[in-house]
Amino acid sequence: MVEERYDPKKIEPKWQAHWAENNLFRTEKDASRKKFYCLEMFPYPSGRIHMGHVRNYAIGDVIARYKRMRGFNVLHPMGWDAFGLPAENAAIKHGVHPSQWTYENISYMKGQLNKLGLSYDWDREVATCNPEYYTWNQWFFLRMYEKGLAYRKSSYVNWCPSCATVLANEQVIDLKCWRCDSVVVQKQLDQWFLKITHYAEELLQACDELTGWPEKVVTMQKNWIGKSYGLEADFAVEGTEDVIRIYTTRADTLFGATFVCLSPPHPLSSKLVADRAELAKVTALYGKAEEKIGLFTGCYCINPVNGERLPVYIANFVLMEYGTGAIMSVPAHDQRDFEFAQKYGIPIRKVIAPEGETSRPEAVEAYEDDGILINSGPYSGLKSSEARERISEEMETKGKGTKKVNFKLRDWGISRQRYWGTPIPVIYCSACGIVPVPDKDLPVILPQDVRFTGKGGSPLAESSSFVSVVCPQCGGPARRETDTMDTFVDSSWYFIAYCLGKGKVRFDGGRLPHPDLDYWMPVDQYIGGVEHAVLHLLYSRFFTRVIRDLGIISQGEPFTNLLTQGMVIKDGAKMSKSKGNVVDPDYLINRYGSDTSRLFSLFAAPPEKDLDWSDKGVEGAFRFLSRIWSLVYRNLGALSQASSRGVSDAAGLSDEGRALVRKAHQTIKKVTLDIEREYHFNTAIAALMELVNEMNGFMPKDAGDMNVLRFCLETTLLLLSPFTPHIAEELWSALENRPGTSAQVWPSWSEGLAREDEIELVIQINGKVRAKLMVPAGLPEEELKALALNDRKTAEFLGGKAVKKVIAVQGRLVNIVA
RNA sequence: GCGAGAGUGGCGGAACUGGCAGACGCGCUGGACUUAGGAUCCAGUGGGCAACCGUAGGGGUUCGACUCCCCUCUCUCGCACCA
């Protein structure tokens, strides 16, 4: 029974239950069918979903449902990025255990996702805070440790003195701690690192194969990896045995070096500077962008290319982490060096002249481009590019330097002084040193006896039952690592876990590469926010390669196609709690239903662009669905007597009927191509609206017309079903068809039936539209020209002028040049 | 500063490889039905009385430019001392 009014509350829960009871979206590996792995970035279980999730998951669901109707074996899973700071903060603030807080949130949010009618295979759900999941973080860590890909070293980190803990970069806001507002300092600490730089070259090379990714994201990845070709050269410190090794990409400017700078943490800095207090001043400003300061060491070093004596400075702007931690400074050709030289009165010597430039005005800034060498001994007159090569070779021959490729990419520091993360599976023994936890003792489970105070560093350190262990090697007393892993580790392989299914995630033993992984991977379509353009996506590319090199999987590239959806904007700003401009999905679903919520977020903008929220637009989406509803309701009696069979090859239709059938076929074509072409759902939905508008204006006069209407309605419902699955199912079943839309095949169009038999020929005179003429479609150009020239209005506008040229475009227009 | 992208009605947005600019939706105007309508339906809707003018601005290529080329402006987003 179809009610008169469209009431989503009455139909949506019914169909959600139907899908769940019949396990319609459960997927099994089936080697005989072509697979499609459709994945949306899993959410952090913060408590409730927001409109960004609705948009992200609506996009993914349309793709998954569409691909199913196209016959693919579709894997469409969902899970939870469940470790993270908010859970721990909730524990500090409200005394709820992070685990309880997280699982309660998951339960609520899972309900919200189901209310949206998303077609997930929940049998594959993962929560990263589950020991069955994070044990594999530990297992991968141990494998990497064995291969030297996980190691411990001392490094600078953001340290909040008040909270006594390390902060991630994104938790430092304007150089201050996001929680207590105290100034963050750089502190040297022992940290665990994953050697992502081992894959730097491959990660960079493979960027060129990411043809299904937005160029912007690929570029960001390339820049982040930051490969550069240069020279390492040795500058001997005068009167000592010490040598300063510098790195430069501009060997062609070697003759222009007038001083050398060391990074404050450079080992030679403290050796060359006697005055600790002065050195401390520079060190205090290390890494601060505002001001360049330096300290003359009193020492000189020798330029290997010409034997010149150059002063050695300590400079706060020189990074220890990049290159060698020391640079040669060429103020004439590097803006930073230029400013520094001016400040400290160091000479500036030009060694590169812009090509073709004769006069040389007094420099007010550095000339950083390539050019022709001057003042450079035997190299004067050469081009920069050639000089770089030749000077580097000379340095190598003389044993004073080495050509060197450098990367900006640094190894990934994963240690976090937090509770709610994966324990790093390592034991420290005073006798044996660092001892990895044996596989048989995995997982190292988070202890329950921890108090959350928000102070005093790693919470795990407070649990004596956790910290005190027996050394697996010597049996003596030992101490467990109390840091946990960065939560980005969890999300670096979850898409691989989905392929195996709940309770089946394991990577040791069995046939390798794992047959299920080889069937499902890589992800065919990944959808998520662009904020992960570098971090998560780069880490995942790294992890997938590590897993490949363990033999578990064959391919190293995880995501074939990537769609980065735009933000949801309201009142000119990104929707966010802090801005107070959020729209609550629960409210929206209650008031308009999930079909309307989905439809609006798909219709208002193409997926990759920002979406401007509009309450009125939502109502428009609801009205559209209501119109379809009442169209079926109004005609239900007659429609149930009608049959869509035969409509598509029928002669004997009324003119109006034929026109509507044509429109339907055109709509099938447009919707299909719009989805295939960059997922432009907004124009696909617009086409469906056009078809519905035409159906609304269609007055069936006989049984044949009613057959046409039924055909067009069925077509509309099928085309609509990926976007608004509930109403499609409901009306489909109201027309007494079985089974449901999601088991149906995507409609196909006939070019013949879609073709117009008449076109409106536009007649232009000198490029301006002067007349329009209905003519039969498919006329050859010559006939179009003749028709245009003979038109009454043409003569009128020509006013007797001679026709110079006539251009005809088949099926479109004729332009008469006079 | 470097890198990427975008500027189209009152608004969100259409326009495939150059071919009727403004599809579709919102809003607005008028009308119908109503005790009433912020419900629904119908019609209209870039500007201008007009010729004409209109896709950020200025040049260019072309029979023809939102689309291609050059210059300028504005905005958004990344990365920002990577030597």
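Amide H to amide H distances under 5 Å link A:Val74 with A:Phe36, where only residues 5 or more positions off or on other chains count and H is placed in the peptide plane. Whole-Hz Karplus values for the stretch A:257-265 come out as 5, 10, 6, 10, 10, 10, 5, x, x Hz, taken residue by residue from phi with 6.51 cos²θ - 1.76 cosθ + 1.60 and θ = phi - 60°; glycine and proline positions read x. Couplings 3J(HN,Hα) of the stretch A:418-426, computed from phi: 10, 8, 7, x, 7, x, 6, x, 9 Hz, in residue order, whole Hz [Karplus 6.51 cos²θ - 1.76 cosθ + 1.60, θ = phi - 60°; x for Gly and Pro].
Measuring spread by the Cα atoms of the stretch A:275-339 yields a radius of gyration and Dmax of 12.5, 35 Å. In terms of overall dimensions, the stretch A:227-407 has a Cα radius of gyration and Dmax of 15.8, 49 angstrom. Note on A:Asp655/A:Glu355: beta-carbon distance plugged into 1/(1 + (r/R0)^6) with R0 of 56 Å gives a FRET efficiency of 0.20.
Placing dummy labels 7 Å off each Cα toward the beta-carbon, the span from A:Ser464 to A:Leu512 is 4.2 nm. One compactness figure for the stretch A:182-224 is 1.71, namely its Cα radius of gyration divided by 2.2 N^0.38 Å.
If each Cα of the stretch A:557-608 is one equal point scatterer, what is log10 of I(q)/I(0) from the Debye formula at q = 0.13, 0.25 Å⁻¹? For the stretch A:557-608 at q = 0.13, 0.25 Å⁻¹, log10 I(q)/I(0) is -0.43, -1.06. Taking the alpha-carbon centroid of each part, what is the distance from the stretch A:766-818 to the stretch A:535-590 in angstrom? Centre-to-centre (Cα) distance: 53 Å. One decimal place: the segment A:Ala31-A:Ile434 gains 140.6 nm when fully extended, by the rule 0.36 nm per residue minus the C-alpha distance. Our coupling estimate for the stretch A:78-85, obtained by passing each phi through the Karplus curve with A = 6.51, B = -1.76, C = 1.60 and θ = phi - 60°, is 8, x, 9, 8, 8, 8, x, 5 Hz, Gly and Pro reported as x. Stokes-Einstein diffusion for the stretch A:588-754 at 37 °C, viscosity 0.692 mPa s, with a Kirkwood radius from C-alpha pairs, works out to 202 µm²/s.
So how do A:Asp370, A:Asp586 rank on accessible area, 1.4 Å probe, biggest first, that is with the largest at the start?
Result, largest first: A:Asp370, A:Asp586.
Rounded to the nearest 500, the helix-only mean residue ellipticity at 222 nm of chain A stands at -11500 deg cm²/dmol, with each DSSP H run of n ≥ 4 adding -39,500 (n - 2.57). A:Trp122 contributes an accessible area of around 40 Å² to the protein surface, as traced by a 1.4 Å probe with all chains present. Ordering A:Gln473, A:Tyr300, A:Gln810 by the projection of their Cα atoms onto the charge dipole of chain A, which places +1 on the Cβ of Lys and Arg and -1 on the Cβ of Asp and Glu, puts A:Gln810 at the extreme positive end.
Between the amide H of A:Leu563 and those of A:Tyr526, A:Ile527, A:Gly528, distances stay under 5 Å, these residues lying 5 or more places away or on another chain, with hydrogens modeled in the peptide plane. In this view, the solvent-accessible surface of A:Thr672, computed with a 1.4 Å probe and all protein chains in place, comes to about 10 Å². The alpha carbon radius of gyration of chain A, expressed as a multiple of 2.2 N^0.38 Å, is 1.21.
Using a probe of 1.4 Å, the accessible surface attributed to A:Arg309 totals some 130 Å² when neighbouring protein chains are kept in position. Between A:Asn581 and A:Arg755, the contour length at 0.36 nm per residue exceeds the Cα-Cα span by 57.9 nm. If both residues of a DSSP beta bridge must be in chain A, then about 75% of such bridges are antiparallel. The label point for A:Leu319 and the one for A:Lys153, both projected 7 Å from the Cα toward the Cβ, are 1.4 nm apart. Compared with the direct C-alpha span, the chain from A:Glu781 to A:Ala802 gains 5.5 nm at full extension, assuming 0.36 nm per residue. Here's how it looks for A:Gln764: its modeled amide H is under 5 Å from those of A:Arg770, A:Val814, A:Asn815, A:Ile816, which are all 5 or more places away or on a different chain.
Taking label points 7 Å from Cα along the Cα-to-Cβ direction, A:Val817 and A:Cys474 give a separation of 9.3 nm.
Note on A:His94 and A:Thr211: with the Förster distance fixed at 60 Å, the Cβ-Cβ geometry gives a FRET efficiency of about 0.80.
State the antiparallel share, in %, of DSSP beta bridges confined to the stretch A:758-817, rounding to the nearest 5. Present the calculation step by step, with values, prior to reporting the outcome.
Numbers: 13 of 17 bridges.
That works out to approximately 75 percent antiparallel.
List residues of the stretch A:3-20, by number, whose backbone nitrogen lies under 19 Å from a label position 7 Å along Cα→C-beta of A:Ser640. Only A:3-7, A:11 pass the distance filter. Against the criterion of solvent-accessible heavy-atom surface with a 1.4 angstrom probe, A:Val803, A:Val692 sort, most first, into A:Val803, A:Val692. Distance from the Cα centroid of the stretch A:715-730 to that of the stretch A:642-664 is 21 Å (rounded to whole angstrom). The smallest convex shape that holds all Cα atoms of the stretch A:590-654, its convex hull, gives 165 Å³ per residue.
Largest to smallest in accessible area, the residues A:Glu209, A:Glu619, A:Glu321 fall in the order A:Glu209, A:Glu321, A:Glu619 (1.4 Å probe, all protein chains included). Mind jotting down the distance between the C-alpha centroids of the stretch A:1-73 and the stretch A:601-634, whole Å? One Cα centre to the other: 18 Å. Across all directions, the average flat footprint of the convex hull enclosing the Cα atoms of the stretch A:758-817 is 3.4 nm².
The values are calculated or read from the model by the stated rules, or taken from the named source; none is laboratory data. Just so it is clear, the structure is predicted and the values come from calculations on it, not from any experiment. Here the Cβ is made from the backbone with ideal geometry for all residues, glycine too, and neighbour counts use every protein chain on show. SASA here: full protein model, heavy atoms, side chains in, ligands and nucleic acids out. Shrake-Rupley method; radii C 1.70, N 1.55, O 1.52, S 1.80 Å.
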